[in-house]
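Input: a single structure, listed below in structure tokens.
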Amino acid sequence: MDEPQNPIVAMAERLRARRDLGAAIDSAMAGAAPVRGDDAAARFGALAEVLATGTKRLNSILGKRSGVTLVRLERPPRLRLRFGGKRIALDLDEARQLVVIAGAGLDGEYQFLDAEVPALMNLSKISTDAGYRDALTGSQLLKMIAEDAELPRPAHLDAPGPLSF
């Protein structure tokens, strides 16, 4: 009874799923505590907490098997985000107070911005590049890595509808 789905309907479902996941990630970040500390290590720890909270929320929607994995390594401070074939690595360079990011087209050195939530600015871009002063937050990282995620099909769509003949 698996009929091929209309491509327009399939695309609309993927867009809705991406919007729903984005809203869930943003809602997880809404109650985040303000960043404490002026050094990069404290801000990196706050970013790790934001990513952990967002990952838990995202995995509650996607399920553990197909969810996002966050790995924290303490010495030296590093974070690894994984989802499917995508990988993002964040390494703290304490001596220079920078975060080195590799993966998902984000390669470069980032500096923490003075903001309510942990946010990074790419220092590898020159001032004439697009997105030069754009802040990179934990929710944006999670949205980037989970952009191809597919939500499980709701069970009520597989059951016969109210008009059964």
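The values are calculated or read from the model by the stated rules, or taken from the named source; none is laboratory data. These figures come from a predicted structure and were not determined experimentally. Reconstructed Cβ throughout: ideal geometry from the backbone, glycine too, with neighbour counts over all protein chains shown. Ligands, DNA and RNA are excluded from the accessible area calculation, which covers all protein heavy atoms including side chains. Shrake-Rupley method; radii C 1.70, N 1.55, O 1.52, S 1.80 Å.
Listed values, structure above:
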{"item": "Residue within the range 65-88 that is over 14 Å from the mean Cα position of the chain (by Cα), closer than 18 Å to L142 by Cβ, in contact (Cβ under 8 Å) with a residue 40 or more places away in the chain and not in a strand (DSSP E or B) present", "result": "yes"}
{"item": "Positions within the range 39-64 being in a helix (DSSP H, G or I) and basic (K, R), in sequence order", "result": "R43, K56, R57"}
{"item": "Some residue of the range 99-120 being among the polar types (S, T, N, Q) and open to solvent by less than 60 Å² (accessible area, probe 1.4 Å)", "result": "no"}
{"item": "Positions within the range 48-84 being open to solvent by 80 Å² or more (accessible area, probe 1.4 Å) and either in contact with a helix residue (DSSP H, G or I) (Cβ under 7 Å, 6 or more places away or on another chain) or over 22 Å from Y110 (Cα atoms) (or both), in sequence order", "result": "K56, R57, S60, K64, R65, R72"}
